[in-house]
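Step one of this worksheet: look at the structure below.
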Amino acid sequence: MLVAAGLSPPPEHALLSLLALNGLRVSEATGADIEQLGLERGQRTLTITRKGGEVVTIPLAPRTARAIDLAIGERTGGPVFLAADGRRLDRHGAGRIVRKIARRAGITKAVTPHTLRHAFITAALGAGVPLRDVQEAASHADPRTTMRYDRACGSLDRHATYIVAAYIAAPPGNPHRLAATPPDGRSRQADSQWPPQDTAREAVTDRDLNVSANRRSVGRSAAQRWLVEASRTGHCVCARARAQRRARA
């Protein structure tokens, strides 16, 4: 639909970009004003009023910013989106625009502005964006609301075991370790192909574990050292704990 929107008039392209690339509610998009467009730290921004009256500033993707610039033309104030009669575009007019672009894109199923919001949240979660960031972008008060959009929540490919195995086995500076712990420190998928097919799933050798343990032994907590030791010796942590409880008894 974004391709079809790019071939549409600028206002229609701008509206669809806000709905699909920012996940806005239709009322948030149609309520946008030209005076609320801004520039912050080199990023184009738009200040909107969220559901419940909360005022927030959101970033605009470059294509969205360009589409909005073309949509407003020489106007310096007023609503970003206008109806044919010159008044502010309402939710019904926005719905008609979305349906028209969907037909132009060859989509036969019913598509509404909320469909695009749903697609934005689903795509963000599927791309590995942290749940907290998606929740904030979608303006959900409860993270459980955001999680309902996660179609891959039960996927085995996203299980934490792959990240933990790669983290323990890879020495500092190794790209496998970087994939498990990104620079920003937040847990996310390193790329669209996760887990790495030839790294995280392969068997971890004793030599890899010994090198990894020696290089990172300093500064580790007792629990972390215990996990590395258990991995190196092949013993189960739970089994060792049970043995220690039996010895104390």
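In this structure the amide hydrogen of Arg88, modeled in the peptide plane, comes within under 5 Å of the amide hydrogens of Ala83, none closer than 5 places in sequence on its chain. Here the simple spin-label model places points 7 Å from the Cα toward Cβ, and for Met147 and Lys51 these points are separated by 1.9 nm.
A simple spin-label model places the labels of Glu74 and Gln36 2.7 nm from each other, with each point 7 Å out along Cα-to-Cβ.
When Rg and the Kirkwood Rh are both derived from Cα coordinates, the Rg/Rh ratio for segment 2-147 amounts to 0.95. Modelled spin-label separation between Arg91 and Asp133, with each label point placed 7 Å from Cα along the Cα-to-Cβ direction: 3.0 nm.
None of the figures in this text is laboratory data; all of them are computed from the coordinates on show. Quantities reported herein were computed from a predicted structural model and do not represent experimental measurements. So basically every Cβ, Gly included, is an ideal-geometry build from the backbone, and we count neighbours across all protein chains shown.
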